[in-house]
Amino acid sequence: MPSRTKDILIWITTFMIMLIICMPGLWIILSAFRTNGEILTKPAIWIPETLTLDNFRAIFGYGENVVGVPVASYFRNSIIISATSTFLAVFIGMTGGYAFARYRFPGKGSTFLWLMLSRTVPGIALSLPIFIIWSRMGIIDTKFGVILVYTAINVPFTIWLTEGFFRQVPQDLNEAAQIDGCTRWEAFWKIEFPLAKSGIASAGIFAFLTSWNEYALASQLTRSTDSKTLPVGLMDFTAQFTIDWAGMCAMAVIIIIPALILTFLVQKHLIAGLTFGGVKG
Amino acid sequence: MSRFRRTIRENAVPFALISPAILVILIVVLLPLLFSFYTSFSNYKLIRPDTLWDWIGLRNYERIMGDWDFWVAFGRTVLFLTVALNLEMLFGLGLALLVNKITYGQRTMRTIMMFPMMFSPILVGFQFKYLFNDTIGLVNNALQALGITHEAIPFLVDRWWAFFSIAFAEIWMSTSIFAILILAGLFAMPKDPVEAAKVDGCSNWQVFRHITLPFLMPFIYIAMTIRSLDVARAYDVVDVMTGGGPAGRTELLWTLIARTAYDDARMGRANAMAYVSILLSIFFTWYFFRKLMDARKHLGAF
Amino acid sequence: MAEVSLKNVVKRYGALEVVHGIDLEIAHNEFVVLVGPSGCGKSTTLRMIAGLEDISDGEIAIGDKVVNMLPPRKRNISMVFQNYALYPHMSVRENLGFSLKIAKRAPEDITKAVDDAADILGLTELLERTPAELSGGQRQRVAMGRAIVRHPDVFLFDEPLSNLDAKLRTQMRVEIKKLHSKVKTTIVYVTHDQIEAMTLADRIVIMKDGHIVQIGTPLEVFERPVDTFVAGFIGSPPMNLIEGSVKDDHVVFSDGRSLPVPPDFTGKIANGRRVVFGFRADVLMPKGHTLAESGVLHDIDLTIDMAEPLGSESILLTTLGGQDIQARMHNPRPVTSGEVLTCELHLEKCHLFDADTTQSLRG
Ligand SMILES: Nc1ncnc2c1ncn2[C@@H]1O[C@H](COP(=O)(O)OP(=O)(O)OP(=O)(O)O)[C@@H](O)[C@H]1O
Ligand SMILES: [Mg+2]
């Protein structure tokens, strides 16, 4: 077979596979712009007759068919919780990652390992004791309680990523800066931080996405509009008698969009961070 | 004692730098785990706080050891993970090899490939609940419209179809992680050994088998390790899709824990189960991490 | 004015001691080179002077100030690193001016200082580039420029030329030497290349296993090595060292051949003492191919194994006392393998070391 034909065949195959992979997600997004009536019709209507933003209006409490789900509150909670826990996790993870990359100290290897292992604890298993303890401490169903938990679950991975990025910055740059008159602190902010910045940013975005998408813990630790996040709120639709598919799809789109943007932003760094951290030990 | 003090003093800076991380992990992971370890030896029921002090020794563990439902869920979880991880790896490998071959528009393909990674597990669950729905689901509609089936397939109800559906969702969600990491491996791969092997008369398959694949192994194990860190994400998927039902047909360890703890309010027993699930997770991570280390050693060059 | 003085300086990593009490006085404007084999503690010593490593014991003073507790930035030193350590996210100009900016100097001053330094090092054309856009030699120059802009009291160099190819290395060596005569400062320079040490140094400090073995001018360490280690380390090709025992003012080797002890030692060495007889290739030359020199000469017949022609001279490989040794042939002619040549040995330029302690027997 001539190689040109072969190339085209491979391209078409790959394209078809990609299409199939994207299909489910695209179908949800499409459904978000259709009316509930159209979604429920039998036999199915394949090509939508009208596209509408009504579902979005409805879940945010405008228009005629207002849904009883306070999506706006959930959205605000999600933003506050994800952003705060990301900020904390990046700060804590960055200091930790720096220590692991730059200093030798007794127990370094095992500390690192234990930090990483803490990440393996399944959310649901962790949620049971946290639920009880947080209840006693009175921080159940508060944003603070969720933020604390999300910070902790993001720290190990942030450490892993930032450690890798700091390790790529040669140690002698820091020393050169100290000799040039910087304190260790200045040397960090003026030299090492700018060089590892993009890596740290992607660690941050990764932490944000983890928090934004988390469900197992949030579903146990939040109860009301005070703290419920979008993924937990999604379940509100199923709790009702008839499932409001269109509303759910609209909410799904609300959840996806930030994730979509952020993933595009970090994809390059993320892959570099993951593979270099892992392969070059 | 003075040695301890000296160690602290000599390493004051790194210790200070890692202490916030340690502290927050201590509060949010270690303390709760110690607490749940204790409650796994008690008869703690959520609705009766005084039962927290009701020490019953190993009884919870004995109970779950003899609990048929638990072992079914456990077996199903292991089967689920084995099937899902292996298929994800195979599909990911295939996808990566295909994309690697493409010259025109490779970047775009790569980005499209990451599409599922942006979906939170809960969304993935919801998405497939919608698609596999027996009255309005895309899949059933399509099958009927094409005349392949006349009756709707009970994707989320029938025992085996339901297992298929949750595994499908899980694989859809995670294949791209494998594909992306393996692709990174393919990009990092030096050309010389492949060319040398071709000169030595290896067929394409032999080149793949003896040169490419061994080189990719560390990347595959990294993907496995990263994946095994969060296998429990499957809980979210299953919780939305079937909630472990109907009648426990898709019950995984994690949904069983949630049910035992919150619906049955048997915290003590649930915590005992949770410990089993933690060990399972640690085992998977540890196993692949070891494999990663071995593969790295074999490839000395790294 | 900046003398550097090290008094009994010790470096320990945990229980492991890697520098064992070094004493060294460096004069103002002196160019001192630390040499020694890999792992002997040169970098560690230099980094202690820089303040990049804590000093476990002893005292380091720069000028008349003890700097043990001062961080690097307060020592008024500058350092050129082996891998240059240029800041990749800054242009050459920013790299050069960084230390002045940190010191909060006025922008006009910085521009001027940077331009001056660039001028000295021929970097003017490159000022707006980033380090990634420079060749190895140019990076090296930027690293030196960064060191000189501040007019520090002391320059520290840690193997600055080891990443360059042979030709560039020779060229940069000359530039460093010139630089020292232009910007008069105290320089401490680390290398494991003894040619660099010989050509650059006012004084050479030879280190081994965390100890200083010998300190002296290049000529002193070349002509009067204190032990076999220095003798073998300094000079190229390395000094020929043959073990034997003394009998009636002769050193008898394992193959039964012998050489008279050098004139300085005549009558001073007891019979039966185990010694190492040392001489450089330069003082063993075939008859008729010598440099016209007078002195105490001793003739010896040697079977030549091989000749390495270098053009204006050849290095002859031969054996004596069961050891491979080298001789030098001026105005060379082709030599066939196995040919026997009568060679002249300048006895007064030979050395005797104790075979057990390896120390020189010269008083
Ligand atoms: N952080 C450290 N911990 C323990 N030992 C160390 C450390 N740094 C250096 N050493 C040891 O100290 C000794 C001296 O090291 P140093 O870097 O000073 O050698 P060097 O003379 O500069 O060698 P080279 O020519 O290879 O650069 C070596 O044996 C080295 O292994
Ligand atoms: Mg060194």
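Just so it is clear, none of the values below were taken in a lab; they were calculated from the coordinates. The structure presented is a predicted model; accordingly, all values stated were derived computationally and were not measured. Methodologically, a virtual Cβ is constructed for each residue, glycine included, from the backbone with ideal geometry; neighbour enumeration extends over all protein chains shown.
Worth pointing out:
- Helices meeting the span-like rule in chain A (full DSSP H runs, Cα extent of at least 30 Å along the helix axis, mean Kyte-Doolittle score of -0.5 or higher): A:3-32, A:71-102, A:143-168, A:245-279.
- If you run the Gaussian network model on chain B, springs between alpha carbon atoms under 10 Å, then out of B:Ser36, B:Ser165, B:Ser19 the most flexible one is B:Ser19.
- Environment charge at B:Ser165 (Cβ cut-off 13 Å; Lys +1, Arg +1, Asp -1, Glu -1): 0
- Modelled spin labels at B:Asp263 and C:Gln359, positioned 7 Å past Cα toward Cβ, are 8.9 nm from each other.
- Residue mean of other protein chain beta carbons inside 10 Å, A:152-163: 3
- Distance between the modelled labels on C:His250 and C:Asp324, one decimal in nanometres: 2.8 nm (7 Å Cα→Cβ projection).
- Violating pairs (Cα-Cα greater than 28 angstrom) within the set A:Lys190/C:Lys112; C:Lys42/C:Lys178; C:Lys7/C:Lys268; C:Lys74/C:Lys112: C:Lys7/C:Lys268
- Taking other residues whose beta carbon is less than 14 angstrom from the beta carbon of B:Met224, and scoring Lys, Arg as +1 and Asp, Glu as -1, yields +1.
- Between B:Arg48 and A:Ser224, the FRET efficiency from the beta-carbon distance, with R0 = 35 Å, is close to 0.90.
- Principal semi-axes of the equivalent ellipsoid, √(5λ) from the alpha carbon gyration tensor of the range C:298-351, are 18, 14, 10 Å from largest down.
- Cα-based Rg and Dmax for the range A:112-236, where Dmax is the largest Cα-Cα distance (Å): 18.8, 60
- Translational diffusion of the range C:82-229 was estimated from the Stokes-Einstein equation, with Rh taken as the Kirkwood radius over Cα pairs; at 4 °C and 1.567 mPa s the coefficient is 78 µm²/s.
- Relative contact order of chain A, defined on C-alpha pairs under 8 angstrom at six or more residues apart (%): 29 percent
- Mean sequence separation of contacting Cα pairs (under 8 Å, at least six apart), scaled by the length of chain C, corresponds to a relative contact order of 15 percent.
- Translational diffusion coefficient (Stokes-Einstein; Kirkwood radius from C-alpha pairs) of the range C:240-354 at 37 °C, 0.692 mPa s, in µm²/s: 228 µm²/s
- Between A:Trp160, A:Trp134, A:Trp114, the GNM of chain A built on Cα springs shorter than 10 angstrom shows A:Trp114 fluctuating the most.
- Placing +1 on the Cβ of every Lys and Arg and -1 on the Cβ of every Asp and Glu, with no other charges, gives chain C a dipole of roughly 1180 debye about its Cα centre.
- When +1 charges are put on Lys and Arg Cβ atoms and -1 charges on Asp and Glu Cβ atoms, the dipole computed for the protein assembly as shown relative to its Cα centre reaches about 2020 debye.
- Within the range C:202-285: Cβ-based charge dipole about Cα centre, in debye rounded to nearest 20 (Lys, Arg +1; Asp, Glu -1): 160 debye
- Taking all pairs of distinct alpha-carbon atoms in the range B:2-100, Kirkwood radius in angstrom: 18.8 Å
- Tail beyond 55 Å, pair distance distribution of the protein assembly as shown (Cα, percent): 36 percent
- At 1.002 mPa s and 20 °C, Stokes diffusion of the range A:3-59 via Kirkwood alpha-carbon radius, µm² per second: 156 µm²/s
- Along each principal axis, taking the top coordinate minus the bottom one, the Cα set of the range B:65-299 gives 65, 48, 27 Å in descending order.
- Taking a point 7 Å from the Cα of A:Arg76 along the Cα-to-Cβ direction, the residues of the range A:136-174 with backbone N closer than 17 Å to it are A:142-144.
- Placing dummy labels 7 Å off each Cα toward the beta-carbon, the span from C:Asp23 to B:Met65 is 7.3 nm.
- Positive end of the dipole of chain B (Cβ unit charges, origin at the Cα centre): among B:Pro214, B:Ile122, B:Phe283, the Cα lying farthest that way belongs to B:Pro214.
- Ordering A:Trp46, A:Ile8, A:Phe56 by the projection of their Cα atoms onto the charge dipole of the range A:3-59, which places +1 on the Cβ of Lys and Arg and -1 on the Cβ of Asp and Glu, puts A:Ile8 at the extreme positive end.
- Fully extending the segment from B:Arg159 to B:Ala196 would add 8.2 nm, taking 0.36 nm per residue of separation and subtracting the current Cα-Cα distance.
- Over all other residues within a Cβ to Cβ distance under 10 Å of C:Leu6, the charged ones net out to -2, with Lys and Arg as +1 and Asp and Glu as -1.
- Using alpha-carbon coordinates, inclination of helix C:92-102 to the longest axis of chain C, degrees: 70 degrees
- Mean separation of Cα contacts under 8 Å, 6 or more apart, over the residue count of the range C:240-354: relative contact order %: 34 percent
- Listed residues B:Leu79, B:Leu90, B:Leu30, most fluctuating in chain B (Gaussian network, C-alpha, under 10 Å): B:Leu30
- Fully extended contour minus Cα-Cα distance, from C:Asp165 to C:Thr336, at 0.36 nm per residue: 58.2 nm
- Cα shape, chain A, gyration tensor, a/c 1.5 rule: oblate
- Per-residue average of Cβ from other chains inside 10 Å of A:22-28: 6
- Cβ-based charge dipole, the protein assembly as shown, positive-most Cα from B:Thr108, B:Leu34, A:Gly164: B:Leu34
- Cut-off of 10 Å, at most 12 other beta carbons, DSSP loop: longest stretch of chain A lacking such GluC sites (Glu not before Pro): A:65-281
- Among the listed pairs A:Lys6/A:Lys197; C:Lys101/C:Lys182; A:Lys197/C:Lys208; A:Lys197/C:Lys65; A:Lys6/B:Lys297; C:Lys167/C:Lys208, those beyond 32 Å (Cα-Cα): A:Lys6/A:Lys197; A:Lys197/C:Lys208; A:Lys197/C:Lys65; A:Lys6/B:Lys297
- For chain B, the membrane-span-like helices by this rule, meaning whole DSSP H stretches whose C-alpha atoms cover at least 27 Å of axis and whose Kyte-Doolittle mean is -1.0 or above, are B:68-101, B:159-188, B:267-298; this says nothing about an actual membrane.
- Here the range B:172-187 is scanned for amide nitrogen atoms under 16 Å from the site 7 Å beyond the Cα of A:Leu19 along Cα-to-Cβ, giving none.
- Bridging of B:Lys129 to lysines at a Cα separation below 30 Å is possible for A:Lys42, A:Lys143, A:Lys228, once same-chain residues fewer than 8 apart are set aside.
- In Å, descending, principal axis extents of the Cα set of chain C: 75, 46, 34
- Computed from the alpha carbon positions, the gyration tensor of the range B:254-296 leads to an equivalent ellipsoid with semi-axes of 32, 8, 4 Å, biggest first.
- Cα gyration tensor category, rounded, prolate or oblate, for the range C:157-214 with a/c compared to 1.5: oblate
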